[in-house]
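Visitor: Below are the structure tokens for one structure; questions will follow.
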Amino acid sequence: METVFIQTPLGIAKIEGNENGISVVSVTQEGELSSKIPKNLKQAVTQLNEYFEGKRKEFTFLINPQGTEFQQKVWQELLHIPFGKTMSYLDLSKKLGDVKAIRAVASANGKNPLWIVVPCHRVIGTDGSLTGYAGGLWRKKWLLEHENPIKQQSLF
């Protein structure tokens with residue numbers, strides 16, 4: 001497993017992966033910025049930088065997140081939420097076929113190891129509120145505003 005640390009507008013991002021794909025993209029307060037980027041991580045670094053520059057709306061590098069079968073199912077569904085759009089936890093549960101699984105869906109969402117790439121930040125409360133985000137609600141707000149095609153002063 002190779003690791004690289006890059007600067008983003010939201011803090012330092014840690015990217016881990018190998019020839020099988022990227023398994024972790026997380027935001028951290030620790031880690032020294034990398035001066036050298038391993039070959040297996042270059043595409044992810046380039047695409048994340050393009051995303052933050054407003055030049056990319058989707059990621060095409062190979063991903064390899066590790067999780068339970070249920071978590072994988074939830075993360076796969078998150079990949080279908082379009083750039084600039086949001087979905088409620090309830091709607092996500094419905095898409096997965098079980099309205100009663102809303103808490104399990106929220107838990108799997110919170111364990112997403114691929115920050116931004118698997119867009120868990122696009123899941124909001126049924127009432128439109130920003131709810132739970134492992135990276136902090138201020139980051140979720142920033143990401144949603146960054147992806148909003150209509151630039152407003154503030155969404156929330």
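Visitor: Keeping to the range 100-110, report how many residues are of a type in the set (A, V, I, L, M, F, W, C), free of Cβ contacts under 8 Å to residues at least 12 places away in the same chain and open to solvent by 40 Å² or more (accessible area, probe 1.4 Å).
Guide: Of all residues in the range 100-110, those of a type in the set (A, V, I, L, M, F, W, C) come to 101-102, 104-106, 108.
Now restrict to residues that are free of Cβ contacts under 8 Å to residues at least 12 places away in the same chain: 101.
Subsequent filtering for residues that are open to solvent by 40 Å² or more (accessible area, probe 1.4 Å) retains none.
Looking only at that region, the number is 0.
Visitor: Give me a count of the residues in the range 12-45 that are within 16 Å of the chain's Cα centre (by Cα) and either crowded, with 16+ Cβ neighbours inside 10 Å or more than 20 Å from GLY135 (Cβ to Cβ) (or both).
Guide: Looking only at the range 12-45, we keep the residues that are within 16 Å of the chain's Cα centre (by Cα), and these are 12-17, 21-28, 44-45.
Those left that are additionally either crowded, with 16+ Cβ neighbours inside 10 Å or more than 20 Å from GLY135 (Cβ to Cβ) (or both): 12-17, 21-27, 44-45.
Counting residues in the range 12-45 that are within 16 Å of the chain's Cα centre (by Cα) and either crowded, with 16+ Cβ neighbours inside 10 Å or more than 20 Å from GLY135 (Cβ to Cβ) (or both) gives 15.
Visitor: Mind checking which residues of the range 57-73 are farther than 17 Å from GLY17 by Cβ, open to solvent by 40 Å² or more (accessible area, probe 1.4 Å) and either in a loop (DSSP other than H, G, I, E, B) or of a type outside the set (D, E, K, R) (or both)?
Guide: Within the range 57-73, the subset farther than 17 Å from GLY17 by Cβ is 57-58, 68-71, 73.
After this cut, where a residue has to be open to solvent by 40 Å² or more (accessible area, probe 1.4 Å) as well, the list is 57-58, 68-70, 73.
LYS57, GLU58, THR68, PHE70 - these are the residues of the range 57-73 that are farther than 17 Å from GLY17 by Cβ, open to solvent by 40 Å² or more (accessible area, probe 1.4 Å) and either in a loop (DSSP other than H, G, I, E, B) or of a type outside the set (D, E, K, R) (or both).
Visitor: So which of GLY97, GLY136, GLY54 is on the phi > 0 side of the Ramachandran plot, surrounded by fewer than 14 Cβ atoms within 10 Å (Cβ to Cβ) and in contact (Cβ under 8 Å) with a residue 24 or more places away in the chain?
Guide: GLY54
Visitor: Considering the range 3-17 alone, what residues qualify as being closer than 16 Å to THR46 by Cα and either of a type outside the set (A, V, I, L, M) or free of Cβ contacts under 8 Å to residues at least 24 places away in the same chain (or both)?
Guide: Taking the range 3-17 first, the residues closer than 16 Å to THR46 by Cα are 3-9, 12-17.
Hits for the range 3-17 are THR3, PHE5, GLN7, THR8, PRO9, ILE12, LYS14, GLU16, GLY17.
Visitor: Look through GLU16, GLU2, GLU32 and report the one residue that is among the acidic types (Asp, Glu) and in contact with a Ser or Thr (Cβ under 6 Å, 6 or more places away or on another chain). If you could, list the steps in order and put the result at the bottom.
Guide: Values: GLU2 fails: in contact with a Ser or Thr (Cβ under 6 Å, 6 or more places away or on another chain); GLU32 fails: in contact with a Ser or Thr (Cβ under 6 Å, 6 or more places away or on another chain).
From the options GLU16, GLU2, GLU32, the qualifying one is GLU16.
Visitor: Looking at the range 74-90, which of the residues that are out of contact with any helix residue (DSSP H, G or I) (no Cβ under 8 Å at 6 or more places or on another chain) and touching a residue at least 24 places away in the same chain (Cβ under 8 Å) is surrounded by the most Cβ atoms within 10 Å (Cβ to Cβ)?
Guide: Checking each candidate, the answer is SER88.
The values are calculated or read from the model by the stated rules, or taken from the named source; none is laboratory data. This is a predicted model, so every value here is computed, not measured. Virtual Cβ from ideal backbone geometry, glycine too; neighbours counted across all protein chains shown. Keep in mind that these areas ignore ligands, DNA and RNA; they rest on the heavy atoms of the full protein, side chains included. Shrake-Rupley method; radii C 1.70, N 1.55, O 1.52, S 1.80 Å.
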